[in-house]
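Notes follow once the structure below has been shown.
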Amino acid sequence: MDLGIEGKVALVTASSKGLGRAAAFSLSREGAKTVLCARGEDALREAEAAMPGEAFAIPADVTDLDSPKRLVDATVERFGALDILVANSGGPPTARALEADEAAFEAALNANLLTSIRLVRAAVPHMRAVGWGRIVLMTSRTVKQPIPTLALSNTARTGLWAWAKTAAQDLFPEGITLNLACPGSHATDRALALGLTGPMGDPADFGDVIAFLCSEQAKFTTASAVLVDGGETLGLL
């Protein structure tokens, strides 16, 4: 299937490893010009070289206050446009709800809620200018079914889901979709660090789901939280 994104310009943050890299790879394979960013320059350059299409790497910590606008500006300067945004950042450490202190919650909210909002706000004017855009926020299945040991992630990512659900209503009439991609357990370095066991998804398959959400065919899909979790989430809503 031709996803209709050949020649589009995509920014994928935190994309040197794991699910972020998988998303960037799938978009690149479909013909998008892809901008990657990450803190670790060695891994970032390796990921840049592995992309099947035209790619540009920018070393950056996306959670820094000024990084989202700087990344968007650099993307537009390099390729002349920004059509697709996939906002990703590393997850917070494990903690139960009554154990985490205020500083830990502030860090999680910055990394996993405010950073994505900053990215969207910086990207949207470029999408509005052409009347087309695709935004996917990478979160977690915990927005649907919280995990007791991931209280920081539960809190920040569910807040982002509430924000995205409302922001999508403002963007849809202008040809811009805004969705969440909510992975369950996948075979990534983070999954191993968290000690996850049991069935795990292939990051490449998750990347393909991201690519579809960014496609022309997905133009009527917005304000959705798409679970990619092998049926782990049991809730009906």
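No value in this document is a laboratory result; all are computed from the given coordinates. Source: prediction; values computed, not measured. When we count neighbours, we look across all protein chains shown, and the Cβ atoms used for this are built from the backbone with ideal geometry, even at glycine.
If R₀ is 30 angstrom, what is the calculated FRET efficiency for the pair T221 and L98, using the beta carbon separation as r and rounding to 0.05?
Between T221 and L98 the formula returns 0.20.
Which ³J(HN,Hα) values, rounded to whole Hz and listed in residue order, are derived for the range 210-227 from phi using the Karplus coefficients 6.51, -1.76 and 1.60 in 6.51 cos²θ - 1.76 cosθ + 1.60 with θ = phi - 60°, glycine and proline given as x?
Along the range 210-227, the couplings run 4, 4, 5, 4, 8, 7, 5, 5, 8, 5, 9, 9, 8, 6, 10, 10, 8, 7 Hz.
What lysines does K33 reach when the alpha-carbon gap must be under 22 Å and sequence neighbours fewer than 8 apart in one chain are set aside?
By straight Cα distance, K33 reaches K8, K17, K69, K219.
Per DSSP H run of n ≥ 4, the term is -39500 (n - 2.57); total these for the chain, divide by its residue number, and report the mean residue ellipticity at 222 nm rounded to 500 deg cm²/dmol.
Theoretical 222 nm ellipticity from helices: -12500 deg cm²/dmol.
How far, in degrees from 0 to 90, does helix 41-50 lean away from the longest principal axis of the Cα atoms of the chain, to the nearest 10?
Its long axis makes an angle of about 50 degrees.
Which distance in Å, rounded to a whole number, links the C-alpha centroids of the range 81-120 and the range 154-176?
15
Averaging sequence separations of C-alpha pairs under 8 Å and six or more residues apart, then dividing by the length of the range 9-225, give the relative contact order as a whole percent.
Relative contact order here is 22 percent.
What is the Cα centroid distance between the range 33-73 and the range 204-229, reported in whole angstrom?
22
Quick one: which residues, 5+ away or cross-chain, put their amide H under 5 Å from the amide H of L180? H built at 1.01 Å from N.
Excluding prolines and chain starts, which carry no amide H, the hits are L137, S224, A225, V226.
Rank-order 150-161, 133-144 by packing density, defined as the average count of other C-beta atoms within 10 Å over each peptide's residues, highest first.
Ranked by mean Cβ neighbours within 10 Å, highest first: 133-144, 150-161.
Might you report the magnitude of the Cβ-based charge dipole of the range 56-160 about its Cα centre, with Lys and Arg at +1 and Asp and Glu at -1, to the nearest 20 debye?
Here the range 56-160 has a charge dipole of around 500 debye.
Quick one: which of 218-231, 34-47, 169-182, 93-106 comes out on top by average Cβ neighbours within 10 Å, and what's the full order, highest first?
Peptide ranking by packing, descending: 34-47, 169-182, 218-231, 93-106.
Using Cα atoms only, what is the angle between the long axis of helix 115-130 and the major principal axis of the chain, expressed in degrees (0 to 90) to the nearest 10?
Tilt relative to the chain: about 20 degrees.
Amide H to amide H, which residues 5 or more places from A55 or on other chains are under 5 Å from it, using H placed in the peptide plane?
T34
Can you give the FRET efficiency for T197 and E46, using 1/(1 + (r/R0)^6), R0 = 30 Å, r = Cβ-Cβ distance, to the nearest 0.05?
0.60
If you take the beta carbon distance between L234 and F172 as r and set R0 to 30 Å, what does 1/(1 + (r/R0)^6) give as a FRET efficiency, to the nearest 0.05?
Between L234 and F172 the formula returns 0.50.
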